[in-house]
Amino acid sequence: MHDKTIAQLGAGLAAGEFSSEELVRAFLDRIARHNPQLNAFITVTVESALAQARAADQRRQRGEAGPLLGVPIAHKDIFCTDGVRTSCGSRILDRFIAPYNATVVEKLNAAGAVMLGKTNMDEFAMGSSNETSFYGPVRNPWDLEAVPGGSSGGSAAAVAAWLTAGATGTDTGGSIRQPAALCGVTGIKPTYGRVSRWGMIAYASSLDQGGPMARTAEDCALLLGALAGFDPRDSTSVDRPVPDYVAALDRPLDGLKIGLPKEYFGEGLDGEVARVVESAIAEYRKLGAETVEISLPNSQLAIPAYYVIAPAECSSNLARFDGVRYGHRCENPKDLLDLYTRSRGEGFGAEVKRRILVGTFALSAGYYDAYYLKAQQIRRLISDDFRRAFERVDVIAGPTSPTVAFNLGEKVDDPITMYLSDIYTIAVNLAGLPGLSLPVGFVGQRPVGLQLIGDYFAEDRLLNVAHRYQQVTDWHQRAPAAFA
Amino acid sequence: MSLGPAEVAKIAHLARLAIHEQDAPAYARNLSAILDLVAQMNAVDTTGVAPMAHPLDMAQRLRADDVTESSQRDHFQAIAPRTEAGLYLVPKVIE
């Protein structure tokens, strides 16, 4: 059962081939067997998963239906789950039991999906390799010496190793798309505001966006249909109808105009990754698409602008972790300042501290204009590049990441090199656009992802473009031998 | 821009973040490298470019000034490190 897609599992449940309880037990067995090796889950919620599965089976007996009813999923440990530890990959929240559910969690509960557990992640979603997690790194199921990418590395690895049918992730600078690429799964970062951020622990609020990760674009369409929508509790949520993403999947690609940004195929892109990406683009031409070279001239400024804006917002957001209301508190504080500084100093890891310090510096008196204001102006230029490009093309395609998964430990001591893993994904967050990564081949045994970028709220088009490719290729059906 | 351990200590104080003295040189090195990366922004003239604070240039949505939440003080304080009589306990701040 575990090797089926969400669409197939939904059909099997509807046809009575198996119950949700049987399905969930099968996945929980796989997690028990494989998670010690992968470390993809921080918390496995065995009892509540079985209770949710039985409830889903009862709902079905009463005549309810729905594509996610009884389907096992996992949540990134950044989403608050009522009564379940929500660690955000950090020591500071190691013993934090969330007192309420995130909207994303509520929505999947309402759809009848069954939560298997909470997936590992870079601490506070700050990282590109899952190595900043307090709970230790996740391993890439395709090659245990390789990182799974980050920050949603646990979700990507769990989907790739078939430990869950689908998972949620969040993406602030590439944290859904880059691990999806490195683990050979499909993941979509929706338009900013499409999926509620309520109950999703904030890193950089003007960039953060949640979204689904699964094996296929069709499964992502099913999940996104449940996740998307207006939420009055998130002041940046967009009040706009959610289209039928599944209905849009089969639209033919004849006449589709795909823009290929020349900046995404230049220096820094691994030659073998480039070849795999180019063969995927050739496949799109066979499907009837037309490709045109475009330019996103300010691309090289995305990482510099991001590493001002994201740390600035993080330094503000993470001020709430003070050892007073929840989370880690130091022993025997001598005064209030000592309580704050030591609780935070003990609770946060090195990368989170670096970003808090950069953000604090950038926002400090005398530096605001040179850093934060300048970065916001660059953000406008980057956004304008995309706006001009979408006057000429329907979607933009290129590599998701400049290399395949790197080795564990390879970049952990060099933040700058690590940051460059997100060189093709970060601009999309700055502009607030939707982006998708799908598996399109391998270099050796490590997967390569193709990134598709769409205009605002064109998630349906991105899923359609990915789905048509998956109808004529089988990369998304491959499984790492050790986990098949 | 290059930062030294003393500047790191000052920023860490502003951020209310304890940094061990022996770690300060490494943070100074990393922060300086990040600021060098960020300095690439200066290659572009942004005179007259309107800063972009939000991807959709939305206005802040307002809601009616109605009570929408009930008090859940006990529920929320159940996860607090130290409370007493409905209050959060911190070290003495007023002598």
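Quick note: the coordinates plus some simple rules give every number you see, no bench work behind them. Note that the structure is predicted; figures quoted are calculated from it, not measured. Positions of Cβ are generated from backbone atoms using ideal geometry, with glycine treated the same way; all protein chains shown enter the neighbour counts.
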Please arrange A:Asp394, A:Asp122 by counting, for each residue, the other beta carbons lying within 10 Å of its beta carbon, fewest first.
A:Asp394, A:Asp122
Quick one: dipole size for chain B, taken about the Cα centre, charges +1 on Lys/Arg Cβ and -1 on Asp/Glu Cβ, in debye to the nearest 20.
140 debye
If every Lys and Arg gets +1 and every Asp and Glu gets -1 at its Cβ, then about the Cα centre chain A yields a dipole, in debye to the nearest 20, of 580 debye
Is the C-alpha gyration tensor of the protein assembly as shown telling us rounded, prolate or oblate? Criteria: a/c under 1.5 is rounded; beyond that, a/b larger than b/c is prolate, otherwise oblate.
oblate
Bridge type composition, the protein assembly as shown - antiparallel percent by DSSP, nearest 5
75 percent
Mean separation of Cα contacts under 8 Å (6+ apart) over length of the range A:1-86, as relative contact order %:
40 percent
Here the net charge surrounding B:Ala28, from other residues whose Cβ is less than 13 Å away from its Cβ (Lys, Arg +1; Asp, Glu -1), is 0
Could you line up A:Trp142, A:Trp475 from fewest to most neighbouring Cβ atoms inside 10 Å?
A:Trp475, A:Trp142
222 nm mean residue ellipticity, helices alone, for chain A (DSSP H n ≥ 4; -39,500 (n - 2.57); rounded to 500):
-11500 deg cm²/dmol
For A:Asp82, B:Asp66, A:Asp385, what's the fewest-to-most ordering of other Cβ within 10 Å of each Cβ?
B:Asp66, A:Asp82, A:Asp385
Over the range A:304-463, calculate the relative contact order: mean separation of alpha carbon pairs under 8 Å at least 6 apart, over the residue count, as a percent.
21 percent
Overall form of the range A:364-437 per C-alpha gyration tensor (a/c, 1.5; a/b vs b/c):
oblate
For the range A:32-136, listing GluC sites (Glu not before Pro) in a DSSP loop whose Cβ sees at most 13 other Cβ atoms within 10 Å gives A:Glu64
Which is farthest toward the positive dipole end of chain A among A:Ala15, A:Ser364, A:Pro137, measuring Cα position about the Cα centre, with Cβ charges +1 (Lys, Arg) and -1 (Asp, Glu)?
A:Ser364
